[in-house]
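> To start, I am sharing the structure in question, which I have written as structure tokens.
Please treat every number below as a calculation from the coordinates, not as lab data. Source: prediction; values computed, not measured. Backbone-built Cβ (ideal geometry, glycine too); neighbour counts: all protein chains shown.
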Amino acid sequence: MSESADQARTRRRWITLAELVAVSGVIIAALTFWMNWSDHRASERDRAVTEEKTRAAEARFALRAELASDGDEVRLSDPRHELLDTSVIFPAALKLTARTPATARIERDWFADAVLKATDGGVDEREGRLPVLVTASYRVGEATRTGRAIVDLVWRTHGRMIGGRTLTIEAARVRETGGSAARIDALWAAELKR
């Protein structure tokens, strides 16, 4: 049986069509493989970025200040970390030494006389903010880190018939993270001009 020229052409066309379908299948398989690999790589990259952001958030210093002991002291804390060592620096104009308490706190007695002296000569009833620089060390995993923040101690003076004036702490707020001794000196100077 011999085939005619039309039959041979049709057979070659089907072979060509079959080859075309096979090549298309290989191309589709390759594209699918590449897209899956690309998606997997993008997912891994997104996961790594998310983990890095989580680690950075866990390491971030987030100081909190709240009144305690009926307003005689301010307790310092960080919701994510235990504070190991704390140092409190007052504005240089008050001529107070830095304090390094065993527990993270600021006591009214540390600065009350100096603030009263600095504000003497005006009205007895006065209020203001005392900026202090708090430096604390804390642990993140196995590493020890150090963070700084400026805390505003909101104070109020009251006149008394006998014994002059007294000072109370009304509130404590973290003004800003970071900071320096020069910054609290500038803030205190601006506070005295009010």
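> Testing the spin-label approximation: label points 7 Å from Cα along Cα→Cβ at GLU52 and ALA18. State their distance in nm.
It is 5.3 nm.
> In addition: Which FRET efficiency value, to the nearest 0.05, is calculated for GLU66 and SER137 with the Förster distance at 22 angstrom and r the Cβ-Cβ distance?
Numbers: r = 20 Å, r/R0 = 0.92.
That gives a FRET efficiency of 0.60.
> Another question, then. For the range 99-114, just list the computed ³J(HN,Hα) in residue order, Karplus coefficients 6.51, -1.76 and 1.60, θ = phi - 60°, integers in Hz, with x standing in for Gly and Pro.
Values per residue, Gly and Pro as x: 10, 10, x, 5, 10, 6, 7, 10, 9, 4, 5, 5, 10, 4, 4, 5 Hz.
> At SER77 and ARG41, where each label point lies 7 Å from the Cα along Cα→Cβ, what is the point-to-point distance in nanometres?
Roughly 4.8 nm, to one decimal.
> Still on this model: Read through the labelled values (1) 137; (2) 222; (3) 202 and report the label of the one computed as volume of the Cα convex hull per residue in Å³ from the structure.
Derived directly from the coordinates: (3).
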